[in-house]
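Below: one structure, written as structure tokens.
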Amino acid sequence: MLGTLYAAPGNPGIAAHGQIVPLDTGDHPAVARFCEERGIGLVVIGPEAPLVAGLADDLRAAGLAVFGPGAAAARLEGSKGFTKALCAAQGIPTAAFVEVADRARGQAALDRFGVPVVVKADGLAAGKGVTVAATRAEAEAALDAIFAAPGGRAVIEEFLAGEEASLFVLANGTDYVAFGSAQDHKRVGEGDTGPNTGGMGAYSPAPVLTPALEARALAEIVAPTLAAMAAAGTPFSGVLYAGLMLTAEGPKLIEYNVRFGDPECQVLMARLDSDLLPLLLAVARGGPIPAPRFANDSALTVVYAARGYPALPETGGRLAGLDAAAASGCAVLHAGTAWRDGALVASGGRVLAVTARAASLAEARARAYQGVELIDFPSGFYRHDIGWRELARQPGEA
């Protein structure tokens, strides 16, 4: 018997598949009461902020099955300083770093590392708290932004040369299974230029993360992390997303996310040929995790964002043509959308993700952009080069 899907806060896209409920996810007792009253069999916590705030802990304490780590384990994303310290203690390959709590120490760290250098806000920043500074002025501006907030802390790292890739695992606290790879496009502009965003597009799999490199990343980075968390009495349960830099010395950890992440989730799910629900339930219940099955196809997604993103997005812009894009074979997934006065409008920075799956990356990209071009969003923009780096390696496809 099919159950009911509830979403909070939800959006017009997921409303076509489930029931939107006006729950304040910051009110943990109210969320628990709602779940108990409706006999919810599984709670999936998607965003990082509720995980870091301990929503999973409070729901588990109420006897609910929850997919997502508790607050102590969610520090792997919630505190870059915590993760860097764990790497140092466990010998996990990562960039050299200094954690600083004031600007003077930050300046000293910049003197040590020189430029280019990476400056990160220690806490959550919706994927936009990282500055790869090519000049001292950029690095100092990033420090100013971090320390303008009360209690600001920064992690300053050496710049790692190489190519980035994302590796995912499902973990139940003691065991894990690999859950695919992807490559994100963080920068707002063509050719990976401009400021970082939450992600302007992605594709899966990431061929640059070869089977040999993936095996090294699992053995040298993921496995010791999960073992250390379990040994500390804070086992990790959920999806662990390792952002990797593939250097000349091998894969090194850039950072962890404790969620599927956007837009990587879209391309992973497009390739998943297993039923997702048994996988999530197995993790939530702490039992053996079935091996997921992924298609050999490629998937690519293009993010349609509101003008002004990642700074101040222009909201309220009307959207049309989504049905035509879906009819072309694309999955059109909503992010920052809302209904206003009977019209679908943009309500956030990243508005839509248009995803296609095909036998090759080139074909998936062609299909995704065909779908994007059918959407009418005058106050929106998107990158035209998602997948460019991998396609440049494929003869005749650049």
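The values are calculated or read from the model by the stated rules, or taken from the named source; none is laboratory data. Predicted model only: the values in this text are computed from it and were never measured. Reconstructed Cβ throughout: ideal geometry from the backbone, glycine too, with neighbour counts over all protein chains shown. Areas reflect the complete protein model, heavy atoms only, side chains present, ligands, DNA and RNA absent. Shrake-Rupley method; radii C 1.70, N 1.55, O 1.52, S 1.80 Å.
Data overview
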| item | result |
| --- | --- |
| Viscosity 1.002 mPa s, 20 °C: Kirkwood-radius Stokes-Einstein D of the chain over Cα pairs, µm²/s | 98 µm²/s |
| For residue 172, net neighbour charge (Lys/Arg +1, Asp/Glu -1) across residues whose Cβ lies under 14 Å away | +1 |
| Relative intensity, log₁₀ I(q)/I(0), of the stretch 276-398 from a Debye sum that treats every alpha carbon as a point, q = 0.11 Å⁻¹ | -0.49 |
| Residue (of 193, 302, 70) at the positive-pole extreme of the chain, dipole from beta-carbon charges | 70 |
| Cβ-based net charge around residue 45, under 13 Å, with every Lys or Arg adding one and every Asp or Glu removing one | -2 |
| J(HN,Hα) series, the stretch 340-356, from Karplus relation 6.51 cos²θ - 1.76 cosθ + 1.60, nearest Hz, glycine and proline x | 9, 6, x, 10, 7, 10, 6, 10, x, x, 8, 9, 9, 10, 10, 10, 9 |
| Listed peptides 238-244, 289-295 by packing density, highest first (mean Cβ within 10 Å) | 238-244, 289-295 |
| Charged-residue dipole, Cβ positions (Lys, Arg, Asp, Glu), the chain about Cα centre, Debye nearest 20 | 140 debye |
| Nearest-10 value in Å² for the accessible area of residue 347, using the 1.4 Å probe | 50 Å² |
| Hull-based mean projected area of the stretch 291-338, where the convex hull spans the alpha carbons, in square nanometres | 5.5 nm² |
| Inter-part distance where the stretch 300-314 and the stretch 136-211 are each reduced to a Cα centre, Å | 17 Å |
| Zone of residue 311's modelled label, taken as backbone nitrogen in the stretch 259-297 under 16 Å from a point 7 Å along Cα→Cβ | none |
| Interatomic Cα distance distribution for the stretch 61-171, bins of 5 angstrom, percent | 2, 11, 19, 23, 19, 11, 7, 4, 2, 1, 0 |
| Under-5 Å amide H pairs with residue 13, H placed in peptide plane, nonlocal only | 334 |
| Accessible area of residue 269 in the full protein assembly, 1.4 Å probe (Å², nearest 10) | 50 Å² |
| Relative frequency of Cα-Cα separations exceeding 25 Å in the stretch 159-267, percent | 20 percent |
| Accessible-area composition of the stretch 192-341, carbon plus sulfur, in percent [1.4 Å probe] | 57 percent |
